[in-house]
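Report on the structure given below.
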Amino acid sequence: MKPTVVFVGGFLGAGKTTLILAAARELKKRGMHCAAILNDQSDALVDTQLAELHSLPSGEVTAGCFCCRFSDLSAQLESMLQHRPEVIFAEPVGSCTDISATVLHPLLAQHEAYRVAPFTVLVDPLRAMELLRADADEDVAFLFHKQLQEADLVCMTKSDLHVSCPEPGAVPIRQISASTGQGVAAWLDEVLAGELSAGKDVLDIDYARYAQAEAALAWLNFRGAFEPSVPVSPAMLLGPWIDAIVRALSGAGIRIVHLKAMATAPTGYVKAALCANGQEPVVEGTLDASPATTHEVTLNLRALGEPAVMTRIVEREIDRLDGCWNERAVRCFQPAAPQPERRVLREEIAARN
Ligand SMILES: Nc1nc2c(ncn2[C@@H]2O[C@H](COP(=O)(O)OP(=O)(O)OP(=O)(O)O)[C@@H](O)[C@H]2O)c(=O)[nH]1
Ligand SMILES: [Mg+2]
């Protein structure tokens with residue numbers, strides 16, 4: 001049996017990882033094996049740690065998006081075969097677009113090894129509403145709309161929070177809540193049925209404009225091993241720390257697009273995330289874990305701001321924690337211009353069909 005590769009795209013914070021984990025749970029109930037491949041411009045990923053904590057076999061493509069690291073994606077797909085998955089979920093970087101021409105179609109050419117499901121693009125209704133406002137960020141809006149244009153299927157996420165939202169484009173639109181499970185089984189049935197085609201079209205896109213839009217975002221990844229002066233639970237460590245970072249970023253006028261953080265101790269873990277300044281963090285994990293003397297702390301922050309300012313703020317809040325860091329590494333940068341390894345042209349697709 002050839003595994004089906006299910007790409008789940010959509011802008012930062014749209015709910016890709018949460019849906020992949022919920023879908024993997026649903027397939028497990030059906031007796032099916034799955035795996036996931038996560039992707040980021042940097043390393044030290046909260047998403048990969050989360051997938052591992054949910055016992056989902058996972059791999060990652062780091063230091064660039066799937067399109068610029070297509071060979072790494074192919075290698076990761078191959079290495080996932082050891083788990084004998086029927087379904088391999090793949091989550092591209094949330095600022096990435098032109099996936100159909102640079103990832104889906106090159107993979108469709110490997111049809112002897114994989115089936116490729118229709119490309120699902122997720123939309124957070126709150127983001128869709130924000131982008132209708134007069135003060136919407138032009139770079140975010142550019143990436144968001146390009147992602148929608150190449151979708152085979154669009155899913156509005158977080159339907160437990162938002163019942164209605166602007167409906168973009170002409171492709172089929174579904175409503176999903178990965179938190180309550182609403183629509184997850186139906187979405188899986190639809191993408192695995194093979195009735196919708198994958199990569200129905202490829203984008204017309206100006207790569208200079210695309211590079212400019214991606215470079216408007218700063219990417220900060222931090223990982224460190226922390227020993228508090230007094231034992232604390234992961235929740236007691238992470239909660240106030242995230243609050244302080246968000247306060248400082250807001251004070252510096254930095255617009256958070258997605259901030260996710262994780263503290264893992266021998267007693268349990270906590271993940272906290274928010275998709276805009278002023279939002280209450282969504283917290284999950286073992287909230288009642290006992291105090292511990294060691295914690296692995298990971299922070300992935302994507303924001304509209306200067307990397308140097310973001311680094312200074314995060315470094316300051318790292319230093320303010322009462323205890324000592326054994327290893328710590330902060331990396332912050334603006335993504336380099338995307339340079340896909342391969343790009344399939346519309347004429348090539350027409351000739352193949
Ligand atoms: N209420 C609710 N929250 C959700 C749902 N799906 C995701 N979230 C929350 O939305 C936030 C972002 O979800 P992720 O799954 O991390 O989003 P993502 O698209 O993988 O984000 P990136 O990897 O940064 O691009 C997290 O705080 C999730 O808990 C949902 O169906 N309902
Ligand atoms: Mg994710």
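Structure values in brief
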item: Answer from 92, 85 - the residue that is within 23 Å of residue 197 (Cα to Cα), touching a His at 6+ places or on another chain (Cβ under 7 Å) and not in a helix (DSSP H, G or I); result: 85
item: Residue list for segment 273-287, restricted to those being part of a strand (DSSP E or B) and within 8 Å of ligand 1 (Cβ to nearest atom); result: 273, 274, 282, 284
item: Any hit, segment 282-298, residues being closer than 24 Å to residue 336 by Cα and in contact with a Phe, Trp or Tyr (Cβ under 8 Å, 6 or more places away or on another chain); result: yes
item: Residue within segment 44-59 that is among the hydrophobic types (A, V, I, L, M, F, W, C), more than 16 Å from ligand 2 (Cβ to nearest atom) and either free of Cβ contacts under 8 Å to residues at least 60 places away in the same chain or outside the structural domain of residue 210 (by TED's automatic domain parsing) (or both) present; result: no
item: Selected residue (criterion: farthest from ligand 2 (Cβ to nearest atom)) from residues of segment 30-40 that are surrounded by 24 or more Cβ atoms within 10 Å (Cβ to Cβ) and not small (Gly, Ala, Ser); result: 34
item: Candidates 178, 170 - the one that is among the small types (Gly, Ala, Ser), at pLDDT below 95 and out of contact with any Pro (no Cβ under 9 Å at 6 or more places or on another chain); result: 170
item: Residue 126, sole failed condition from (1) assigned to a loop (DSSP other than H, G, I, E, B); (2) more than 25 Å from residue 102 (Cβ to Cβ); (3) of a type outside the set (Phe, Trp, Tyr); result: (1)
item: One residue from 85, 92 being surrounded by 22 or more Cβ atoms within 10 Å (Cβ to Cβ), more than 18 Å from the chain's Cα centre (by Cα) and outside the structural domain of residue 275 (by TED's automatic domain parsing); result: 85
item: Members of segment 17-62 found to be farther than 20 Å from residue 223 by Cα and part of a helix (DSSP H, G or I), listed by number; result: 18, 19, 20, 21, 22, 23, 24, 25, 26, 27, 28, 29
item: Options 238, 203; residue that is within 30 Å of residue 315 (Cα to Cα), of a type outside the set (Lys, Arg) and either in the same structural domain as residue 126 (by TED's automatic domain parsing) or not in a loop (DSSP other than H, G, I, E, B) (or both); result: 238
item: Pair list, Cβ under 6 Å, 6 or more apart: segment 266-287 residue within 25 Å of residue 127 (Cα to Cα), other residue more than 16 Å from ligand 2 (Cβ to nearest atom) and polar (S, T, N, Q); result: 277/250
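The values are calculated or read from the model by the stated rules, or taken from the named source; none is laboratory data. The structure presented is a predicted model; accordingly, all values stated were derived computationally and were not measured. Heads up, the Cβs are rebuilt from the backbone with ideal geometry, glycines too, and the neighbour counts pull from every protein chain shown.
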